1. Kindly put Phe173, Phe544, Phe351 in sequence by how many other C-beta atoms sit within 10 Å of each C-beta, fewest to most.
2. Excluding residues on the same chain fewer than 8 positions from Lys138, give the lysines whose Cα lies under 26 Å from its Cα.
3. Let's test the formula: R0 of 45 Å, r as the Cβ-Cβ distance of Met557 and Glu683. What FRET efficiency results, to the nearest 0.05?
4. Give a residue-ordered list of calculated ³J(HN,Hα) values for the stretch 367-379 (Karplus: 6.51 cos²θ - 1.76 cosθ + 1.60, θ = phi - 60°; whole Hz; x for Gly, Pro).
5. Rank Val579, Trp610, Thr548 by how far each Cα sits towards the positive end of the charge dipole of the stretch 520-616 (+1 on Lys, Arg Cβ; -1 on Asp, Glu Cβ) and give me just the farthest.
6. About the Cα centre, and with charges only on the beta carbon of Lys, Arg (+1) and Asp, Glu (-1), how big is the dipole of the stretch 332-455? Nearest 20 debye, please.
7. Under 16 Å between alpha carbons, and skipping anything fewer than 8 positions from Lys357 in its own chain: which lysines qualify?
8. For a test of the definition: using alpha carbon positions, the gyration tensor, and the 1.5 limit on a/c, classify the stretch 462-581 as rounded, prolate or oblate.
Amino acid sequence: MSESTGTSPAGRPQFLEQTPRFDSDPISLGSATDGATPSHITVEATPRPNLYKRGTWRGDSVKSVSEALRLARSREEQEELLGEGELADDDGCYPPRKTDDPRAPNPHSSLPVYITIHKIKRLVTAAIDDPYSVDQLKSPRMNVALIRPLVDHLYDPDDVSMVYCLLVNRIQFLREQSYQAHHTTVNVTRANVCELIACRVLRRFDEDHEGREGLLMLANVLVAGFEPFQNAPLSVINDNRHAIHWAVKWRLTRPEYQNMLTALEVAIVSESKNFLSTSACQKIVENVYRGRIIYTPTSFIDILPDHYKNRGISLYDPRKAPYLNQYRLIVPRTRNVIEASQFIVLLVLYFFMMVAKADHTGPEHLRFSVYEIVFIVYAAGWVLDEVASIFEHGWTVHTENLWSFLDITFVIIFSTYFSIRMQALATLDSSNAKLALDVLSMAAPILLPRLAFCLMPENMLFISLRAMMADFTFLTLIACWCFGGFLLSMRWLSEGQDGYSTHSFIGIAKWMLWIWFGLDGTGIQRSAEFHWFLGPTLMITFAFLGNTLFLTILVAMLSNTYTNLAQNATAEIQFRRAVLTFEGVKSDALFAYRPPFNILALLILLPMKWILTPRWFHKVNITAVRILNAPILFLVSLYERRYLWKRSRMLNPPRRHTWLTMWERFGAHGELQAVFETEPPQEVVDEMDDVDDILGGDVWDNGYVNALRARRGSRAMSDASGGIFGRSMSRDPGLGRNGFRRRSTREEVGGNGLAEV
């Protein structure tokens, strides 16, 4: 805590101890007889908390109209093509590199990240002692008394790590809440305060930095890598040597980016959906997704690392970049299209293989066909790509993807199929070969929904379906655990006097499953075979608990999950969009090879990594990538040179990606859209540029209408309107400007002091 903040004797900041004060004079109950003014209770206005503002450029939160227009023009400018005076280097990066060194230095290595993290934790802990909801934290009173002073104190236009430090503290408070239940929800409130302050600080960065330089500044706040122990004291670093991850110790990741994470990744891990749904964050997410902003991402493990070149965060100018730019393969939008195409190829090969198997009869049915061999080779490359995606950003981030559970399920099914199929081939066992094909047939319910998830990733039905599947799986596992006792009881009851059992576990479980879902009551009818009294008692009790209680709880849980997601639909969609964007930026060179060529790259290039120098390995790698992906790179380059920085009118909010919008201008209300399609002329702009003078100061106090009249000069309101008042004034000179007849001189000044009616 800085000295300007101040603390109370109890250790709390002074701004938390400030309360309204009352005068100590007695209250006068009667009228004053001596002419003195009677004493009254006076309440002083609560002063704004006196926290030190760290270099903020905004003294208050009020923006003038001209400033708002300037910010709007700045946002539009960020979506236009880079100007001719803003030259990029031969890689298409703006600002251009200063030296020919292939590895750009870390521009944020001097920031005190470790100190900032602990400073924020102490400040928020001292400020929040009671639980509050998110709506209460957003109320005007809490905003003035708590949130805005903390934002003014923490915001520093030169410290781009502040948002990262706030989100790290959010994760810590959520972790403390998980094992300190006696603190009720105080830590949850502190975590929400950190997220709310991070949103305000990010908005300050967006408002105080304009133009393309502001876009770069905002990108550094969100996608620059920071290390939690950055610039910590040497004693702290030595005491936390064990905290270094095993991937760094085994040199499976880049040493200069060890333990580094971005603010965007921390927001995804902590599920800060309000933060990710802010306009400033979504602006960077959109630009990173389209490839306008490029950067070298941090990674967990790289299977095939090629980090000879390391570029900083920059804007991409396709006009200056080469046509065959292999780095465009890891742009999230391009990567998303490529992955969708790869999955469609996998699905087509799967159907061809299974249909060919179904058409064969006799001894040829279980033999390897050409379709099956092609499918195995391609699916192995697809599985390798999926495993590399898990290693790229870790299990936590990968599972936040919308269709990750479907991909992981297919990986398990294919691995099981491939293992059984190879074992059957080695032993020439036809029964195991048939079993392998039966296991692979189970992939059809996974692959078809996966295609729908891939084509409609922002559909609320699929987003809610993913969340409800997690709730359904959790409750099903609990039900199986609880009802396992009923299964064991009925199995033991089915044993006769001779010790033989008349019913198997599978048969009893089948009856119980039918009763649970209300399909059949055979189990109740045959429960007397276990015991004339105990058997029906157990089965009927299970029917009451399973079919009534558990299914009711399941429906209630799923309804509550869908309702919560539907109420925050925008935040959920933008959260999934941020996950898709962050996971789409890849650093592993293995992603530049399409299946099944990634298997060949792993088998050939990985041994070469230990033989060649980093420079020569980089040359061999980019040569192979450009040869194998030449058509894709050429088409991407042609498209981006024309459309990457072009702002389309069809993308203006509200975003309606439908062909019906083109017919709106031909309808009865087409002028409502056409009036905004062209910029107003200069004389209209000149007439609007004094809005600030009219809306503020003495001009507003003298009357808005009079100010308009004074500004327009000879033009009167009635003349401008051209209505009935204007015609009346031309016929009767006794009428005033507003169309009413003037009073006489004696009537002009009445009791209310008005000169005109």
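No value in this document is a laboratory result; all are computed from the given coordinates. From a predicted model like this one, the values you see are computed outputs, not experimental measurements. Cβ sites come from the backbone with ideal geometry, for glycine too, and all protein chains shown count toward neighbours.
1. So the residues, fewest neighbours to most, are Phe544, Phe351, Phe173.
2. Lys53, Lys63, Lys119, Lys121, Lys273, Lys283
3. FRET efficiency, Met557 to Glu683: 0.10.
4. 7, 5, 9, 5, 4, 5, 5, 5, 4, 4, 5, 5, 5
5. Trp610
6. 140
7. Lys434
8. Prolate.
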